[in-house]
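**Q** Would you mind keeping the following structure in view while I ask a few things?
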Amino acid sequence: MELGDLQAFCADKNLHELIELSRSSDDLLTLIRPRETQFADLLAWAMDAGEGHRQGDAVFRSFLLALYSAGSEEQPGDRLRKNSHSWHFAQHWTPARILAADFGSVVCYREYTMTGDLPKSSRPDFVIVDPANKLVIVVEIKAGAAFGKGQLAEYLDVANKVLVKNEVAPEKWSS
């Protein structure tokens, strides 16, 4: 085989199409199918700007853009219940603001126990905290499981009482 033949073979568009068709998947999660806890671990690690993945705040920024996009069609938050927390988020955190902000202080706490002065504790899959932007996001993942009765309402209530209103300093939190 001549060098020119090798070059022509490697440059052949049919070869590139065949290589693409031979891929198992372009989505890692369809290949490994993690359990809910493993999925939460992976997401929390990816969204934490200080972790060793070298993505900085890019994954978290994409997450915020996806949240905005899911709740907005023609106007910010127009697909959300007016005056809900999510609606206020969409009003404030527009794509322009998300793209311009620095989320380098984002930290994720896995299975963070929120108790405060409440009789029962709540443990969402993870809590995302950005003290610089005064942002707290509680994440509950449901992969192959159903929500418990009132689970999200309880998390929201506890998060408002323990995390937001008390302005608990992230450095005092333990994960």
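The values are calculated or read from the model by the stated rules, or taken from the named source; none is laboratory data. What you see is a predicted model; the values in this text were computed from it and never measured. We place every Cβ from the backbone using ideal geometry, glycine too, and count neighbours over all the protein chains shown. In case anyone asks, the SASA skips ligands and DNA or RNA and just uses the protein heavy atoms, side chains included. Shrake-Rupley method; radii C 1.70, N 1.55, O 1.52, S 1.80 Å.
**Q** Can you list the helices (runs of 4 or more DSSP H) found entirely within segment 1-69 that contain at least 1 residues being open to solvent by 90 Å² or more (accessible area, probe 1.4 Å), modelled with pLDDT of 80 or more and over 30 Å from Ile98 (Cα atoms)?
**A** Here the list reads 3-11, 13-22.
**Q** Pairs please, first residue from segment 37-49 and more than 13 Å from Lys142 (Cα to Cα) and free of Cβ contacts under 8 Å to residues at least 60 places away in the same chain, second anywhere and part of a helix (DSSP H, G or I) and open to solvent by less than 70 Å² (accessible area, probe 1.4 Å), Cβ atoms under 8 Å, 6+ apart in sequence or on different chains.
**A** As it stands, the answer is Ala46/Val59; Ala49/Phe60, since those pairs meet every condition given.
**Q** Quick check on segment 87-99. Is at least one of its residues over 16 Å from Val158 (Cα atoms) and not in a helix (DSSP H, G or I)?
**A** Scanning segment 87-99 turns up at least one residue that is over 16 Å from Val158 (Cα atoms) and not in a helix (DSSP H, G or I).
**Q** Could you give me the residue pairs with C-beta distances under 8 Å whose first residue belongs to segment 67-81 and is of a type in the set (Asp, Glu), whose second residue is in a loop (DSSP other than H, G, I, E, B) and open to solvent by 70 Å² or more (accessible area, probe 1.4 Å) wherever it lies, and which are 6+ apart or on separate chains?
**A** Close Cβ pairs (under 8 Å, with a partner that is in a loop (DSSP other than H, G, I, E, B) and open to solvent by 70 Å² or more (accessible area, probe 1.4 Å)) amount to Glu73/Arg79.
**Q** Looking only at segment 70-86, decide whether some residue is assigned to a helix (DSSP H, G or I) and at pLDDT 85 or above.
**A** Within segment 70-86, one or more residues are assigned to a helix (DSSP H, G or I) and at pLDDT 85 or above.
**Q** Based on this model, can you work out whether Phe103 counts as out of contact with any Lys or Arg (no Cβ under 9 Å at 6 or more places or on another chain), under 24 Å from Val127 (Cβ atoms) and either of a type in the set (Phe, Trp, Tyr) or surrounded by fewer than 12 Cβ atoms within 10 Å (Cβ to Cβ) (or both)?
**A** no
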